[in-house]
Amino acid sequence: MSERLTQLKAWLREQTGQDCELAPASSDASFRRYFRIELEQGSRIVMDAPPQQEDCRPFIHVAELLRRAGLNAPDVMAEDVRSGFLLLGDLGNTTYLEVLNAETAEQLYADALAALITMQARIDTASSGLPQYDETLLQTELNLFKDWYLEKHCAVTLNEQQQAIWQATCETLIASALAQPAVCVHRDYHSRNLMHVDDTTNPGILDFQDAVIGPVTYDLVSLLRDCYISWPRTQVEEWVAGFYTQAIKSDIIDADKVSGQQFLNWFDLMGVQRHLKAIGIFARLLHRDGKEGYIKDIPRTLNYVLEVAERTPALHDFYQLLINLKLPDQVS
């Protein structure tokens, strides 16, 4: 790593004309690292994305899509794709998660929901160059729950009957996702990736390099049923209804084809898919990557799954399966 930092500092000297002191800017669940440097023109963020593990080209591409749509993504000021170095504009160090509370939630979420509408309405799916959130990817993500959480973390192996329930659940969730209107999906649009910048440019948007073309409710679930902070169901459903109204006005959704109840049903099932994936990722981060910080978020995330599955007829068997497994992270 010291050799790579030397290489990074040399590149920064070429780009900025000065020797830069690197201060850690944020942690990441990937192999990427972020540093903050201070220049005469102001602070900048440096991304170090080792090319053996990370490809920074999608980040550059999606940053351009977001900025062209009028959203507050960091400006890419210099790049060395071969080495995996980017010099970026700085959106500050205050995440939404740090400032979200009962008093601030309405305004912060209003800004975040408006930005989401902008992203979905202004980024053209046909010309975006983004990959499709297809059946294969959706199933691969769901497998993370079974492979890393159930089998690796909980030492649970599903029997034949349980495996049949699991596969039927996957089919239900995937069919619901693929039935939805397709839009640009950030894929991690939550309180740790949205930055509180100021009253006119919220939110700053980060960690968008995995963007795809996929279900209209996906980012909405990421935001409103966040793995890191939760809100009462009635409040969440009010925000969902407001988003639905705005999506109709922005021609993202056709009200003649999609009712408010249908949209909420999609939202619920999309949440189960996302949260099962997230639980699997949190377990993988612990067991494969040695990162312990995310494991504490599993109980909240699993509770979302159980809450929706309990009241959704199509997921009744899956709910019973989870209850019968007596998973260690179930919230009593």
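For region 209-237, enumerate the residues that are among the polar types (S, T, N, Q) and either assigned to a loop (DSSP other than H, G, I, E, B) or in contact with a Leu (Cβ under 8 Å, 6 or more places away or on another chain) (or both).
209, 217, 230
For region 181-201, give me each residue that is among the hydrophobic types (A, V, I, L, M, F, W, C) and in a loop (DSSP other than H, G, I, E, B).
Once the filter is applied, which keeps residues that are among the hydrophobic types (A, V, I, L, M, F, W, C) and in a loop (DSSP other than H, G, I, E, B), region 181-201 yields only 197.
Quick check on my filter: what residues within region 178-236 are touching a residue at least 60 places away in the same chain (Cβ under 8 Å), within 16 Å of residue 91 (Cα to Cα) and of a type in the set (Val, Ile, Thr)?
Matches in region 178-236: 197, 201, 205.
May I ask you to list the residues in region 56-101 that are surrounded by fewer than 19 Cβ atoms within 10 Å (Cβ to Cβ), part of a helix (DSSP H, G or I) and in contact (Cβ under 8 Å) with a residue 60 or more places away in the chain?
58, 61, 97, 98, 99
Does residue 69 qualify as being within 23 Å of residue 189 (Cβ to Cβ), at pLDDT 95 or above and in contact with a helix residue (DSSP H, G or I) (Cβ under 6 Å, 6 or more places away or on another chain)?
Yes, satisfied.
Identify all residues within region 43-55 that are touching a helix residue (DSSP H, G or I) at 6+ places or on another chain (Cβ under 8 Å), among the aliphatic types (A, V, I, L, M) and either in a loop (DSSP other than H, G, I, E, B) or closer than 25 Å to residue 114 by Cβ (or both); write none if there are none.
Hit for region 43-55 is 49, nothing else.
If I filter region 314-324 for residues that are aliphatic (A, V, I, L, M), surrounded by fewer than 16 Cβ atoms within 10 Å (Cβ to Cβ) and farther than 19 Å from residue 174 by Cα, do I get at least one hit?
Yes; the residues of region 314-324 include at least one that is aliphatic (A, V, I, L, M), surrounded by fewer than 16 Cβ atoms within 10 Å (Cβ to Cβ) and farther than 19 Å from residue 174 by Cα.
Can you pull out the helices (runs of 4 or more DSSP H) entirely within region 248-332 that have at least 3 residues that are at pLDDT 95 or above, polar (S, T, N, Q) and within 23 Å of residue 125 (Cβ to Cβ)?
260-287
Considering only residues that are loosely packed, with under 13 Cβ neighbours inside 10 Å and over 21 Å from the mean Cα position of the chain (by Cα), which ones fall in region 28-55?
Selection gives 40, 41, 42, 52.
Among the residues of region 30-42, what is the count of those that are basic (Lys, Arg) and not in a strand (DSSP E or B)?
Within region 30-42, residues that are basic (Lys, Arg) and not in a strand (DSSP E or B) number 1.
So is residue 104 surrounded by fewer than 14 Cβ atoms within 10 Å (Cβ to Cβ) and either touching a Leu at 6+ places or on another chain (Cβ under 7 Å) or touching a residue at least 60 places away in the same chain (Cβ under 8 Å) (or both) or not?
no
The values are calculated or read from the model by the stated rules, or taken from the named source; none is laboratory data. None of these values were measured; they are calculated from a predicted model. Reconstructed Cβ throughout: ideal geometry from the backbone, glycine too, with neighbour counts over all protein chains shown.
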